[in-house]
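Down below is the structure, laid out as structure tokens.
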Amino acid sequence: MGDWDRDPTPVGECRWAFPDEFPDDELVAVGADLAPATILAGYRRGMFPMPVGRDNTIGWISPDPRGIIELDALVVTRSLRRSCTRLHCTVDEQFDDVIERCAELPRKGAWITHDFLDAYRELHRLGWAHSIETWNDEGKLVGGLYGVRIGQFFAGESMFHLATDASKVALVQLVTIMRDSNMSLLDVQWLTPHLASLGATEIPRGQYMARLASALAL
């Protein structure tokens, strides 16, 4: 289980004031820093950081609607079940490799910059950020995901795959662990066709904030 159940290291108080009310736009704040206390305060307020603009200023995003996966609604097809038997997962064994693989993915608006790599590595060192790794029979890392856990809440940040279904297998493992840990909220930020095929759905921001407050309180 790696460091999943370890009590994370306290990070102190955030020195920035985040907004109490959000505009209609998903970009709700700009600035601050990527210190552990800042990032965790953002998640607790329903936001997550991403670089914005040509100068990669830190933006704080709160999508409306918000993508989530209900832990009892994950869609596991017959072929995915076969992949789960063909591949195996570990937890928190290769966090650096997973986040670096995610950063290498060719995508529009690539956002995992060097500053973000350093910030989430530090969160992992402190016990707040976690990874699920997927391996083939030859012992090669072929997929995985990473994100941030606060109490009963997990914020999925990114995933990658080098083999068919490898990231999906990591997601199945994550949901299994979350169920076993009595967790209640899996945030996937935006609903994509890929995530929708796995059972992800959208809820209004207000409903998400209520679910988040409940997950953080337990």
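The values are calculated or read from the model by the stated rules, or taken from the named source; none is laboratory data. Owing to the predicted nature of the structure, the values given are computational and were not obtained by experimental measurement. Here the Cβ positions follow ideal geometry from the backbone for every residue, glycine too, while neighbour counts run over all protein chains shown.
Can you name the residue in segment 19-34 that is surrounded by 17 or more Cβ atoms within 10 Å (Cβ to Cβ) and in a loop (DSSP other than H, G, I, E, B) and, of all such residues, is nearest to the chain's Cα centre (by Cα)? So the residue we want is LEU34. Of the residues ALA210, ALA200, the single one that is farther than 24 Å from PHE160 by Cα and of a type in the set (Gly, Ala, Ser) is ALA210.
Given the condition surrounded by fewer than 13 Cβ atoms within 10 Å (Cβ to Cβ) and in contact (Cβ under 8 Å) with a residue 12 or more places away in the chain, answer yes or no: does some residue in segment 37-55 qualify? Scanning segment 37-55, I find no residue that is surrounded by fewer than 13 Cβ atoms within 10 Å (Cβ to Cβ) and in contact (Cβ under 8 Å) with a residue 12 or more places away in the chain, so the answer is no. Within segment 144-160, one or more residues are touching a strand residue (DSSP E or B) at 6+ places or on another chain (Cβ under 9 Å), over 21 Å from ASP97 (Cα atoms) and buried (at least 20 other Cβ atoms within 10 Å of the Cβ).
For every residue, the table says whether it meets (1) over 19 Å from ALA119 (Cβ atoms); (2) among the aliphatic types (A, V, I, L, M); (3) in contact with a Cys (Cβ under 9 Å, 6 or more places away or on another chain).
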{"site": "ASP5", "(1), (2), (3)": "yes, no, no"}
{"site": "THR9", "(1), (2), (3)": "no, no, no"}
{"site": "GLU13", "(1), (2), (3)": "no, no, no"}
{"site": "ALA17", "(1), (2), (3)": "yes, yes, no"}
{"site": "ASP25", "(1), (2), (3)": "yes, no, no"}
{"site": "GLY31", "(1), (2), (3)": "no, no, no"}
{"site": "ALA35", "(1), (2), (3)": "no, yes, yes"}
{"site": "ALA41", "(1), (2), (3)": "no, yes, yes"}
{"site": "PHE48", "(1), (2), (3)": "no, no, no"}
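Contact map, segment 116-144: residues that are in contact (Cβ under 8 Å) with a residue 24 or more places away in the chain and within 15 Å of THR38 (Cα to Cα) paired with residues that are hydroxyl-bearing (Ser, Thr, Tyr) and outside any loop (DSSP other than H, G, I, E, B), Cβ distance under 6 Å, separation 6+ or inter-chain. Pairs shown: ALA129/TYR120.
Within segment 130-143, being over 9 Å from LEU87 (Cβ atoms) and surrounded by fewer than 19 Cβ atoms within 10 Å (Cβ to Cβ) holds for GLU138, GLY139, LYS140. Among the residues of segment 62-80, the ones that are β-branched (Val, Ile, Thr) and in a strand (DSSP E or B) come to 2 in all. Taking segment 148-218 and the helices (runs of 4 or more DSSP H) fully enclosed by it, the elements with 3 or more residues that are closer than 22 Å to ASP5 by Cβ, over 13 Å from the mean Cα position of the chain (by Cα) and in contact (Cβ under 8 Å) with a residue 12 or more places away in the chain are at 166-180, 205-217.
One residue alone among GLY127, GLY109 is buried (at least 16 other Cβ atoms within 10 Å of the Cβ) and either at pLDDT below 95 or not charged (D, E, K, R) (or both), and that residue is GLY127. Among the residues of segment 2-13, is there at least one that is surrounded by 19 or more Cβ atoms within 10 Å (Cβ to Cβ), in contact (Cβ under 8 Å) with a residue 24 or more places away in the chain and in contact with a His (Cβ under 8 Å, 6 or more places away or on another chain)? Yes: segment 2-13 contains one or more residues that are surrounded by 19 or more Cβ atoms within 10 Å (Cβ to Cβ), in contact (Cβ under 8 Å) with a residue 24 or more places away in the chain and in contact with a His (Cβ under 8 Å, 6 or more places away or on another chain).
Would you check if GLU100 is touching a residue at least 12 places away in the same chain (Cβ under 8 Å), within 30 Å of ARG205 (Cβ to Cβ), surrounded by fewer than 17 Cβ atoms within 10 Å (Cβ to Cβ) and within 16 Å of the chain's Cα centre (by Cα)?
no
Scoring GLY143 on the criteria (1) part of a strand (DSSP E or B); (2) under 23 Å from SER62 (Cα atoms) leaves a single failure, condition (2).
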